[in-house]
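Notes follow once the structure below has been shown.
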Amino acid sequence: MKSLLAVGALTLAFVLGCATPLTGNYDIVVGSVEGDCSDIFDQIAPPEGLQGVIIDAGAGTMTLAGDPDEVCDLDEEFNFDCEFADSDDEVDYGPEADAVVSMDLNMTGAWSANDAFEGATEVELTCAGADCDPLVEGGMADCSILWEFTAERD
């Protein structure tokens, strides 16, 4: 009986070990882009190409290497949520206008295999201030862009 339990435990450890995402460089391919912002944002390239990914399963994190590094939370099933707080930005149009446009960047997704993941990156632009109406009407604020992507280990 003990040997049967040991075999079961080793099998479970092997299966879980194979399922853990792998650290490495991942080729990100954007599948679709949607948004209701101005066409001027079409010039901003979606995040494609090689991306360094560091997995720390013990800490429950996935780090996207770059400048700055972005640390994402991983749950037990290796779904991830990245708030990109270090990449968020703000544009103050003062003193010419009472308007501050904030950019909030987030990424969510899931690992589909230990060497592949998929998800979506969303950029939300919001405006605060009395002079936001022209920016909103021009699609420069209170709008969003969504990039859906897949990634495979290189």
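Tabulated results
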item: Carbon and sulfur %, accessible surface of the chain computed with the full protein complex present, 1.4 Å; result: 53 percent
item: Nearest-ten-degree value, helix 2-19 long axis tilted from longest Cα axis of the chain; result: 30 degrees
item: Mean separation of Cα contacts under 8 Å (6+ apart) over length of the range 89-152, as relative contact order %; result: 31 percent
item: Relative contact order %, the chain, counting alpha carbon pairs below 8 Å whose residues are six or more apart; result: 26 percent
item: Mean residue ellipticity (222 nm) of the chain, computed from DSSP H runs ≥ 4 via -39,500 (n - 2.57), nearest 500; result: -4500 deg cm²/dmol
item: Charged-residue dipole, Cβ positions (Lys, Arg, Asp, Glu), the chain about Cα centre, Debye nearest 20; result: 1340 debye
item: Accessible area per residue in Å² at 1.4 Å probe, computed on the chain; result: 61 Å²
item: Which label in (1) 54, 40, 31; (2) 77, 25, 23; (3) 73, 39, 27 gives the computed Cα extents along the principal axes in Å; result: (2)
item: Two-site label geometry, Asp67 and Ala85: point separation in nm, points 7 Å out along Cα→Cβ; result: 2.3 nm
item: Whole-angstrom gap from the range 31-79 to the range 84-115, using each part's C-alpha centre; result: 12 Å
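The values are calculated or read from the model by the stated rules, or taken from the named source; none is laboratory data. Bear in mind that the values here come from a model prediction, so they are computed numbers and not experimental data. Note: ideal-geometry Cβ built from the backbone for every residue, glycine included; neighbour counts use all protein chains shown. Accessible surface is based on the protein model in full, side chains and every heavy atom, while ligands, DNA and RNA are left aside. Shrake-Rupley method; radii C 1.70, N 1.55, O 1.52, S 1.80 Å.
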